[in-house]
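Inspection log for the structure reproduced underneath, given as structure tokens.
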Amino acid sequence: MVTRRAFIFDIDGVLVEPKGYQAAVRATQAYFTHTMQLDDGVLVNDDIYALFEACRVTSEWDMVPLALAILLEEILEAHPELCRLEDLATCMQAIRRLPTDSLPGKIDYRTPIQALSPHLKPQDYPAYQVLKLAQSNHSKAETASVPGFPLFPTLVQTPILGILLAHTRDIYRSPTTCLFQQFSLGSQAFERTYHLSPDVETPSFLLEYDQSLISQNIGQTLAQLYQSGDLALCAYTMRPSLPPIEAQVENKGYSPEAEMALQLVNLTGIPLIGYGRIYYLAQQVGWTAEKMLKPSPLQAIAAILAAVTGEELPSLHTAIKVYQGITGALDSLTLGGDEIIVSIFEDSVGGIDAMRLAGDFLARAGMKVQVHPYGISDHPEKEAALQRLQIPIFHSTEEAVKLALA
């Protein structure tokens, strides 16, 4: 029996320390807080960033508007006269004119984030889920005794909550995502990607601040094993990316952030199943990308198949068939082995849950597959979340990869 090994890597927190994203979160939030003339003490710190991730809010496109909503809720609660304002810019200018001593110097982000966490469900964007929860629970007396509820009781009375949370994946409609992408990509790359004039002149925070979490030696070892055919590889990420390499499509709106990370760790050219790939597939089949991204097993199925076949677009289309339970879904692919042993290196509960489910789906489709998760985290709250999965946890990717290679 021929056994193949596949290593599948999340990117942020596993291959790359996303210092660029963290800095872009703070820069984006600071742009809004400085407009309101608020103290920098209201900005989120690294612990809150990690708390968001531990509570299954893993995309900065959700973190930034949720943090801004938490901040505005506290201000509007103290100044209910601002609830009559109907747009974000007017509200911020009104806050700017308030007496400084009536504005917060610090914000408790931890309590509302922890209150939200149990109510977030897979397969929908957290910001949009929070908006719907807030709207449905508004004025419900039975939620008054539930910690953290009702959600955003003041802000939900204004259109501003919808402006912040309804369209976080639409660069042309979300003020926070649009600005965040400018800091992430840099002004020039932002304009090339989205054909929009930037609001700020800035270098790319991803290029300036991201740090590799694997040594050059480990990177070379992985690349050599991949080139020799002894190890299948794939990156599996929520990061924006280009469409599948086999797709003939204009790249407008597809941001190459996952590709930038793989370049940093010298793994350019390995299969990649990122947001752009999933978004392209969603457009092709008439689904929505949020239903297909992790923690959905569909993205994980595609990542396993792309690793062992080296083909992205066929793997994506096959993943749909496997997910739907279509008989003979794997018949068109060459898997290159009788059994596939998958090692998944992840720092999030959702990504590991999805990969385990993907193994079950593929087994039902006829593939002999074993999934071995390696949890990666050196942050107490993220580590505690991973420990509930009863998997081995490592403080460094390097340590986990060395063990898996052995």
* Asked: More than 19 Å apart: what percent of Cα pairs in segment 256-406 qualify?
  -> 56 percent
* Structure fact -> Once N251 and R97 are pulled to full extension, the length gained, defined as 0.36 nm per residue separation minus their Cα-Cα distance, is 51.2 nm
* Looking at W61, Y279, A30, which one has the Cα that reaches farthest to the positive end of the dipole of the chain (charges on Cβ: Lys, Arg +1; Asp, Glu -1)? -> Y279
* Asked: Given charges of +1 on the Cβ of Lys and Arg and -1 on the Cβ of Asp and Glu, with all other atoms neutral, how large is the dipole of the chain about its Cα centre, in debye to the nearest 20?
  -> 880 debye
* **Alpha carbon Rg of segment 172-252, scaled by the compact-globule rule 2.2 N^0.38 Å** => 1.43
* Asked: Leaving out ligands, DNA and RNA, what percent of the accessible area of segment 293-406 is carbon and sulfur, probe 1.4 Å?
  -> 49 percent
* Environment charge at T334 (Cβ cut-off 12 Å; Lys +1, Arg +1, Asp -1, Glu -1) -> -1
* **Fully extended contour minus Cα-Cα distance, from T334 to S136, at 0.36 nm per residue** => 66.5 nm
* Structure fact -> Accessible-area order for V2, V57, V369, largest to smallest, probe 1.4 angstrom, reads V2, V369, V57
* To do: Give the residue from V369, L222, I326 lying farthest towards the positive end of the charge dipole for the chain; charges sit on Cβ (+1 for Lys and Arg, -1 for Asp and Glu) and the dipole is referred to the Cα centre.
  => I326
* Nearest 10 degrees, 0 to 90: helix 60-78 Cα axis against the chain principal axis -> 20 degrees
* Structure fact -> In this structure, the FRET efficiency calculated for Q211 and H395 from their beta-carbon separation, with R0 = 22 Å, to the nearest 0.05, is 0.90
* Structure fact -> With the 1.4 Å probe rolled over protein heavy atoms, the chain has an accessible area per residue in Å² of 42 Å²
* So how far, in whole Å, is the C-alpha centre of segment 50-115 from the one of segment 305-319? -> 42 Å
* Return one number: the angle in degrees, 0 to 90 and rounded to the nearest 10, between the long axis of the Cα atoms of helix 313-324 and the longest principal axis of the Cα atoms of the chain. => 80 degrees
* Hey, how many Å between the Cα centroid of segment 357-406 and the Cα centroid of segment 144-214? -> 30 Å
* How long are the three semi-axes of the equivalent ellipsoid for segment 127-277, computed from the Cα gyration tensor as the root of 5 times each eigenvalue, in whole Å, largest first? -> 38, 21, 15
* If you line up the Cα atoms of the chain on their principal axes, what length do they span on each, largest first, in Å? -> 73, 47, 39
* On the full set of protein chains, 1.4 Å probe, figure out the accessible area of K402 and give it in Å² to the nearest 10. => 120 Å²
* Report in % the part of the accessible area of segment 118-265 that belongs to carbon and sulfur, leaving out ligands and nucleic acids; probe 1.4 Å. => 51 percent
* Histogram of C-alpha separations across segment 211-337, 5 Å bin width, % -> 2, 11, 20, 23, 19, 13, 7, 2, 0
* Asked: Binning every alpha carbon pair distance of segment 52-145 at 5 Å from zero, what are the percents per bin?
  -> 2, 11, 21, 22, 19, 15, 8, 1, 0
* Using a Gaussian network model of the chain whose springs link C-alpha atoms within less than 10 Å, name the residue from R388, R173, R192 with the highest mean-square fluctuation. => R388
* To do: For H379, H119, H395, write out the residues from largest to smallest accessible area, computed with a 1.4 angstrom probe and no ligands counted.
  => H395, H119, H379
* Note the full-extension length gain between V285 and D199 as 0.36 nm times their separation in residues minus their Cα-Cα distance, in nm to one decimal. => 27.5 nm
* Give the Kirkwood hydrodynamic radius (Å, one decimal) of segment 295-373, defined as one over the mean of 1/r across all pairs of different Cα atoms. => 12.2 Å
* Note down the relative contact order for segment 236-316 as a percent, whole number, built from C-alpha pairs under 8 angstrom at least six residues apart. => 34 percent
* Work out the FRET efficiency for E17 and D124 from their Cβ-Cβ distance, taking R0 = 25 Å, and round it to the nearest 0.05. => 0.35
* Cα→Cβ-extended label distance, 7 Å offset, between K402 and Q188, nm -> 4.0 nm
* Structure fact -> Relative to the chain, whose Cα atoms define the longest principal axis, helix 349-364 and its Cα axis are tilted in degrees, nearest 10, by 40 degrees
* Based on the Cα gyration tensor of segment 61-216, what are the three equivalent ellipsoid semi-axes, each the root of five times an eigenvalue, rounded to whole Å and given largest first? -> 30, 20, 16
* Asked: Counting only protein heavy atoms and using a 1.4 Å probe, what share of the accessible area of segment 7-103 belongs to carbon plus sulfur, as a whole percent?
  -> 46 percent
* Structure fact -> So, with points 7 Å from each Cα along the Cβ direction, the Y172-Q114 label distance in nm works out to 4.2 nm
* With every protein chain kept in the model, how would you rank E208, E191 by accessible area, 1.4 Å probe, largest at the top? -> E208, E191
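The values are calculated or read from the model by the stated rules, or taken from the named source; none is laboratory data. The model shown is predicted, which means the values in this text are computed figures rather than measured ones. Glycine also receives a Cβ, built like all others from the backbone with ideal geometry; neighbour counts cover every protein chain displayed. Heavy atoms of the whole protein, side chains included, go into the accessibility calculation; ligands, DNA and RNA do not. Shrake-Rupley method; radii C 1.70, N 1.55, O 1.52, S 1.80 Å.
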